[in-house]
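Report on the following structure.
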Amino acid sequence: MTTTPAAREARLRRLALQQHLVLRKSRSRNTDAVGHGLYNIADFENVAVAGYGLSGHSMTVDEVEVYLSDAQDFEVHFVDPLGAAGFGERPILEWWDAYPVGSLRSSGWLLREHADSPRDYFYSRATRGDLPDVAVIARAQLADWAKEDQPE
């Protein structure tokens with residue numbers, strides 16, 4: 001069964017509404033414009049919660065699908081949350097362009113158990129578009145951390 005891009009987008013819009021969010025696509029008609037064909041997700045007060053790059057739209061349809069389907073498992077962030085406050089108790093999966101690794105800086109996905117946890121795990125070999133694969137690895141890492149917490 002083949003799903004058309006329009007049907008997939010409609011399904012993602014319905015999924016966003018179920019989570020009290022709105023899926024917005026860039027209205028740019030210029031194919032060379034930053035953000036053309038990309039999306040962001042906002043709440044009902046028009047505050048962007050994901051995919052708000054320089055153009056206001058920075059998520060591919062694949063990233064939108066992962067964000068919406070994994071929203072129950074992770075807080076997914078596509079920008080460095082430097083200075084951000086108010087993270088909840090859910091695990092946080094966030095993209096870092098310059099994560100400190102020793103004396104170097106690397107790009108990749110960072111998993112934190114939750115906002116106050118000292119435990120984190122960095123996936124430096126992943127790209128921003130590897131979010132579906134990283135989400136699977138992150139779930140396995142969270143399961144390992146949960147096993148560590150179990151009394152023997």
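The values are calculated or read from the model by the stated rules, or taken from the named source; none is laboratory data. The shown structure was predicted, so the numbers you read here are calculated from the model rather than taken from an experiment. Cβ coordinates were reconstructed from backbone atoms using ideal geometry, including for glycine residues, and neighbour counts include every protein chain displayed. These area figures cover heavy atoms from the full protein model, side chains too; ligands, DNA and RNA do not enter into them. Shrake-Rupley method; radii C 1.70, N 1.55, O 1.52, S 1.80 Å.
Rolling a 1.4 angstrom probe over the chain with all protein chains present gives an accessible area of which 53% lies on carbon and sulfur atoms.
In µm²/s, what is D for the chain at 4 °C and 1.567 mPa s, where D = kT/(6 pi eta Rh) by Stokes-Einstein and Rh is the Kirkwood radius from Cα pairs? Diffusion coefficient, whole number: 78 µm²/s. Using the Karplus relation 6.51 cos²θ - 1.76 cosθ + 1.60 with θ = phi - 60°, the per-residue 3J(HN,Hα) values for the stretch 112-118 come to 10, 4, 6, 4, 9, 7, x Hz, with x marking Gly and Pro.
I need to check one value: relative contact order of the chain, counting alpha carbon pairs closer than 8 Å and at least 6 residues apart, in percent. Relative contact order for the chain comes out at 12 percent. Rounded to the nearest 10 degrees, the angle from helix 5-18 to the longest Cα principal axis of the chain is 60 degrees.
As a check on your grasp of the helix formula, calculate [θ] at 222 nm for the chain: sum -39500 (n - 2.57) over DSSP H runs of n ≥ 4, divide by the residue count, round to the nearest 500. Rounded to the nearest 500, the figure is -9000 deg cm²/dmol. With protein chains left intact and a 1.4 Å probe, residues in the chain average 61 Å² of accessible area per residue.
Which FRET efficiency, nearest 0.05, do residue 97 and residue 27 yield, Cβ-Cβ r, R0 25 Å? Plugging the Cβ-Cβ distance into 1/(1 + (r/R0)^6) gives 0.40.
Treating the angle as unsigned and between 0 and 90°, give the value, to the nearest 10°, between the Cα long axis of helix 131-149 and the longest Cα principal axis of the chain. The two axes meet at around 30 degrees. Annotation for residue 106 and residue 145: the two label points, set 7 Å from Cα along the Cα-Cβ direction, are 1.8 nm apart. In this simple spin-label model, placing a label point 7 Å from the Cα along the Cα-to-Cβ direction at both residue 14 and residue 60 gives a separation of 2.5 nm.
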